[in-house]
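A.B. asks: This is the structure I have questions about; it appears just below.
Laboratory data are not the source of any read-out in this text; all were calculated from the coordinates shown. Just so you know, these numbers come straight off a predicted model, no measurement behind them. Virtual Cβ from ideal backbone geometry, glycine too; neighbours counted across all protein chains shown.
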Amino acid sequence: MLVSLVLVLVVGLLGVVHWYVWRRLVRDVTVPGGPARRLGTVALIVLPLLSLGALTAGRAGVPFPLQQALAWPGFLWLALLLYVVLALVVGEAVRPLLLRALDRRAAASSPSTAGAAAPAPVSAAPVRATAGAPAPSEAKEAPEASEASGASEASASPGTDGADGPDGIPASPGVAGPSRRLFVSRVVGGAAAAAALGTVGHGTYGVLRGPRVKRVTVPLAKLARGAHGYRIAVVSDIHLGPILGRAHTRRIVDAINATQPDIVAVVGDMVDGSVEDLGRAAEPLAELRARDGSFFVTGNHEYFSGAEEWVDHVRELGMRPLRNERVEIAGFDLAGVNDIAGENYGDGPDFAAALGDRDRARAAVLLAHQPVVIHDAVEHGVDLQLSGHTHGGQLWPGNFLAELANPTVAGLERYGDTQLYVSRGAGAWGPPVRVGAPSDITVVELASKQA
């Protein structure tokens with residue numbers, strides 16, 4: 001019942017948002033019945049349907065080629081919709097300012113004010129008005145009266161101000177062609193569309209270019225002197241799927257290998273799809289090179305995609321899954337727990353199994369996909385937890401929402417004696433777009449206070 005209610009609310013909200021975008025970018029800037037009006041209306045019906053298809057195709061078992069065909073337009077429209085709406089909301093504040101400026105300009109250039117000092121002589125002879133044509137004085141005053149009365153923007157045909165004109169678009173003093181309201185609507189709508197396209201274009205380029213390498217030094221009090229300078233390449237949220245495929249994996253592998261890490265830690269959400277569809281896209285991961293090997297823990301999206309099959313495939317690629325277990329590495333313990341989404345499949349995290357019987361005199365580094373398990377890590381004496389999941393918010397202002405659900409959204413923070421590092425991730429979920437949260441691979445260099 002609750003899920004159905006939430007679904008209805010979400011669908012209703014999306015309907016209102018699309019109506020608002022149609023009103024501002026289609027109705028208010030086009031001529032009724034014109035091809036631009038019809039094309040814009042069709043687009044704002046088809047695009048949300050493509051987005052719905054992109055969001056549901058994978059879970060519905062749609063053939064992978066069709067998933068790919070739906071993904072690009074469907075997911076990109078969601079990103080465009082976000083930034084178009086934000087830009088249009090800003091435009092609501094700009095719109096009255098532009099209208100006032102044009103009104104002042106029109107008033108300053110109006111013939112009725114310019115020639116007020118020398119009124120024209122009035123002929124004693126009556127002027128015959130032809131049928132359907134206003135008298136000269138009425139024709140002169142009618143446009144100003146119409147503007148002063150603030151003719152309703154939506155009362156007549158949308159986008160025309162309700163005024164008469166040979167093509168349905170009235171002329172106004174100070175603005176050639178369209179009315180002032182139509183002119184302002186086109187300026188604001190065009191600026192909003194351009195801002196959204198530029199933002200999404202830049203964010204898409206950032207994802208397709210591949211993640212940048214970050215470096216951070218983390219001092220650990222219990223780290224053995226011999227492990228000083230140990231390098232862990234942390235990569236999370238690769239999100240191989242209908243959009244990001246083999247070329248994306250290749251860029252990530254090349255970037256990691258160039259850092260010459262001691263180990264590679266893949267901390268979940270590697271895929272959005274089955275091994276059958278994405279096994280080939282993941283193959284370059286077999287070429288990861290690290291002195292002490294590569295390790296993997298599950299994320300929530302592995303459980304949406306067939307976790308058992310992916311764990312087996314990860315082993316085939318040469319990575320070692322850490323499923324509520326740990327290994328001893330010279331100078332510290334490396335542990336990994338299953339993602340909390342696994343609880344729905346009887347395969348959740350077990351901190352006691354991974355950390356319960358270890359020697360607490362040794363430093364412990366924990367791989368856990370979601371930052372929210374930090375309190376369990378503190379309880380079990382973990383020195384450093386490495387996580388992902390948040391994407392840093394991925395699409396601003398999504399970072400503010402991410403902060404509501406996660407103790408740390410990105411970067412390094414301390415919780416008691418435990419430090420938590422959260423990567424923004426190397427890919428993107430849904431829209432292949434990042435704004436204000438660039439993708440990254442992080443080389444975490446451990447520092448011993450005994451060194």
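A.B. asks: Sort 342-349, 319-326 by packing, meaning the average of other beta carbons within 10 Å per residue, with the highest value first.
C.D. replies: Result, highest mean first: 319-326, 342-349.
A.B. asks: If you take the Cα atoms of region 211-448, find Rg, then find the Kirkwood Rh from the mean of 1/r over all pairs, what is Rg/Rh?
C.D. replies: Here the Rg-to-Rh quotient is 0.93.
A.B. asks: Give me a comma-separated list of calculated 3J(HN,Hα) values for region 345-362, in order, Karplus coefficients 6.51, -1.76, 1.60 applied at θ = phi - 60°, integers in Hz, x for any Gly or Pro.
C.D. replies: After applying 6.51 cos²θ - 1.76 cosθ + 1.60, I find 10, x, 9, x, x, 9, 5, 5, 5, 7, 9, x, 10, 7, 7, 6, 6, 8 Hz.
A.B. asks: What order, most packed first, do the peptides 199-211, 431-443, 67-79 have when packing is the mean number of other Cβ atoms within 10 Å of each residue?
C.D. replies: Details: 199-211: 18.3, 431-443: 22.8, 67-79: 20.6.
In descending order of packing, they fall as 431-443, 67-79, 199-211.
A.B. asks: Please list, ordered by chain and number, the residues whose modelled amide H lies under 5 Å from the amide H of TYR415; skip anything fewer than 5 residues away on the same chain.
C.D. replies: LEU420
A.B. asks: Would you please put 91-97, 285-291 in order of how densely packed they are, using the mean number of other Cβ atoms within 10 angstrom per residue and starting with the highest?
C.D. replies: 285-291, 91-97
A.B. asks: Read phi for every residue in region 39-53 and hand back ³J(HN,Hα) as whole Hz from Karplus 6.51 cos²θ - 1.76 cosθ + 1.60, θ = phi - 60°, with x for Gly and Pro.
C.D. replies: 5, x, 5, 4, 4, 7, 9, 6, 4, x, 5, 5, 5, 4, x
A.B. asks: Non-local amide H neighbours of ILE329 (under 5 Å, H modeled in plane, Pro and chain starts lacking H): which ones?
C.D. replies: Close amide H contacts, sequence-distant or interchain: LEU334.
A.B. asks: Residue by residue through region 10-17, what is 3J(HN,Hα) from phi via Karplus (6.51 cos²θ - 1.76 cosθ + 1.60, θ = phi - 60°)? Round to whole Hz and write x for glycine and proline.
C.D. replies: 5, 4, x, 4, 5, x, 5, 4
A.B. asks: Taking the Cα centroid of region 7-46 and of region 175-229, what is the distance between the two, rounded to the nearest whole Å?
C.D. replies: Between the Cα centres of region 7-46 and region 175-229 lies a distance of 26 Å.
A.B. asks: Can you tell me, using C-alpha contacts under 8 Å and at least 6 residues apart, the relative contact order of region 211-448 as a whole percent?
C.D. replies: Dividing the mean separation by the residue count of region 211-448 yields 28 percent.
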